[in-house]
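The values are calculated or read from the model by the stated rules, or taken from the named source; none is laboratory data. Worth saying up front: this structure is predicted, and the values here are computed from it rather than measured. Cβ placement follows ideal geometry from the backbone for every residue including glycine, while neighbour counts extend to all protein chains displayed. Each accessible area value is taken on the protein alone, full model and side chains, heavy atoms only, with ligands, DNA and RNA left out. Shrake-Rupley method; radii C 1.70, N 1.55, O 1.52, S 1.80 Å.
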Amino acid sequence: MATYEARSEVTGSVWKVVCEVGQRLEPGDTVMIIESMKMEIPVIAEDGGVVKQILVEKGTPVTENQPVAILEVE
Amino acid sequence: MFHKVVVANRGAVAARVLRALDGLGVRSVAVYSDADADAPYLELASETYHIGAAPARESYLNEDAILEVLRVSHADGLHPGYGFLSENHRFAERVQAAGACFVGPSPRWIEAMGHKTRARDLAAQYGLPVGRGTGVLLKDAPAMLRAADEIGYPVLVKPAAGGGGIGMIAVHKPEELAPAVERAASMAERGFANGEVYLERLVERPRHVEIQVLGDRAGAVRHLFERDCSVQRRHQKIIEEAPGPGLARAVVGPLAADVARVLGAMGYDNIGTIEMLMGADGEFSFLEMNTRLQVEHGVTEEVTGVDLVAAQLRSAAGEPLAEILPERIAPEGHAIQARVYAEDPKRFFPSPGPLHVFRPPQDDGIRLETGYREGQQVTPHYDPLLAKVIAHAPTREAAIARLTGALRGFDIQGVKHNVPALVRILQSAEFQDGGVHTGLASEVLARAQ
């Protein structure tokens, strides 16, 4: 078991969290959507896995490369 | 003429309208959110009012706050700029109900042209070329498939109340149609609070050519020639020019005249732009009408010598077109605009941050439009436009060279920006040959990676 952090690629704010703690995601699934400069940019679960922790909520400001969720892969 | 005008916008367009008001000797009112409290253009205004927090819905989209500024400032006009509330007909009605003039066309025109299929119907009814397409799709899968068959694949699914390329999906095969319609409808519902979508023939590798018009309150309309805005990323324009490269005057001249004639017949009554697609076969088809000033109005101003913002204000104040525009307008030379965005030049992701260094070029023949200055913060709340750099020269080749030089001399540090991408496009063989189309930017940039 190993964990990794899903990170926001841009500075902006959380527009929508689209997963729940405990949910299993496939590689490439969307964890949440960040809104910045009128664009919606998804945070992707690169390696999939089970969502262990969501570190932000709707409206939270985030900066580039900030971890927003922790996932666990087997 | 107006006594005092509220500029209900921010950034480069707020600066541009404030300058025009100053030139006309009209008092001006600027509004600002928390994020723009130190914006440089506020110094150009006779009065400034804070209208709310940084998020647009709490400030620049906050109708009540802006109407309150209109009331307390005793202004008799409101210029909406572009974006934000500029194409909101209900807001335009509220401005009128408050006893002021909305500097734009009458609300009924904003409403009619804001709905894509209704605008297409109107254009067709008045004899403008309109490509094959449908009305708003009903939730009837067999009928949808029949409609797509009649148009012929590939088709484009588009939101009827949309804009900015959001929610547009290309469909190449019948089995892709239903899921695409569903996805487009959900994006349209989210983006525009209206889930209506329709189908249009997909024109492949089209050019985007648009005709600038100005009407007066009596319904007289003239055109100010065309612009080519084919160079786009994410369906948004990044390089615009006038005149359109390689367009036969014998074709585009009559087209522009037709557009002016049609809008005159309709009684259109202020500034506007008819956007058209030009296929590889040279056929034009109506795309949409923007009932406001365009981001790229500057290239038309450079080649025609007409101050479009001042002209728009004078028309809104009731001056007849014959007094506003010179009798003969002849485009002179070539103008190209590049939009400098705070974004990653490869993936086009936004890049807000501090403008540690922001030193625009000051070359001859270069015009700069911006709402920023060095030291300011570029926030994630608004669109990523940092500046518009416009070059005017006797020929297209000279304008490309001048613009490239200016962009190379634009020193921006603290945010990522798209200047390298703009230079690469300007220096590409395709662009220099004038073989522009809406896929050009992504093709040139993909090659560079």
Practice task
Mind listing whichever residues of the range B:358-370 are of a type outside the set (S, T, Y) and open to solvent by 20 Å² or more (accessible area, probe 1.4 Å)?
Solution key: B:R359, B:P360, B:Q362, B:D363, B:D364, B:G365, B:I366, B:R367, B:L368
Completion exercise
Of those in the range A:1-29 that are open to solvent by 70 Å² or more (accessible area, probe 1.4 Å) and touching a residue at least 60 places away in the same chain (Cβ under 8 Å), the residue nearest to the other protein chains (Cβ to nearest Cβ) is A:R7
Exercise for the section: Look at B:A391 and say whether it is surrounded by 18 or more Cβ atoms within 10 Å (Cβ to Cβ), within 13 Å of B:F410 (Cα to Cα) and away from chain A (no Cβ under 14 Å). Expected result: no
Handout entry: Filter result for B:P105 (in contact with a strand residue (DSSP E or B) (Cβ under 8 Å, 6 or more places away or on another chain), open to solvent by 20 Å² or more (accessible area, probe 1.4 Å) and in contact (Cβ under 8 Å) with a residue 12 or more places away in the chain)
Key = no
Problem - Selected residue (criterion: nearest to the other protein chains (Cβ to nearest Cβ)) from residues of the range A:49-58 that are closer than 27 Å to B:A188 by Cα and exposed (fewer than 15 other Cβ atoms within 10 Å of the Cβ) - result: A:K58
Completion exercise
Listed by range, strands (runs of 3 or more DSSP E) wholly within the range B:159-243 having at least 2 residues that are of a type outside the set (S, T, N, Q), touching a residue at least 12 places away in the same chain (Cβ under 8 Å) and over 27 Å from B:A399 (Cα atoms) are B:169-171, B:197-201
Practice task
Can you confirm whether the range A:32-48 contains a residue that is assigned to a strand (DSSP E or B), in contact (Cβ under 8 Å) with a residue 40 or more places away in the chain and either more than 14 Å from chain B (Cβ to nearest Cβ) or surrounded by fewer than 17 Cβ atoms within 10 Å (Cβ to Cβ) (or both)?
Solution key: no
Completion exercise
Looking across the range B:16-30 at residues that are small (G, A, S) and surrounded by 24 or more Cβ atoms within 10 Å (Cβ to Cβ), the single one that is nearest to B:A54 (Cα to Cα) is B:A30
Practice task
Pick out, from the range B:270-360, the strands (runs of 3 or more DSSP E) lying fully within it that include 1 or more residues that are farther than 30 Å from A:S8 by Cα and either within 14 Å of another protein chain (Cβ to nearest Cβ) or among the polar types (S, T, N, Q) (or both).
Solution key: B:271-278, B:284-290, B:334-341
Practice task
For B:S46, indicate whether it is open to solvent by 30 Å² or more (accessible area, probe 1.4 Å) and farther than 22 Å from B:G298 by Cβ.
Solution key: yes
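A quick yes/no check of all residues on (1) in the same structural domain as B:V251 (by TED's automatic domain parsing); (2) closer than 29 Å to B:V252 by Cβ; (3) β-branched (V, I, T); (4) open to solvent by less than 20 Å² (accessible area, probe 1.4 Å):
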position: B:T134; (1), (2), (3), (4): no, yes, yes, no
position: B:L137; (1), (2), (3), (4): no, no, no, no
position: B:D149; (1), (2), (3), (4): no, no, no, no
position: B:V155; (1), (2), (3), (4): no, yes, yes, yes
position: B:A160; (1), (2), (3), (4): no, yes, no, yes
position: B:A178; (1), (2), (3), (4): no, no, no, no
position: B:E182; (1), (2), (3), (4): no, no, no, no
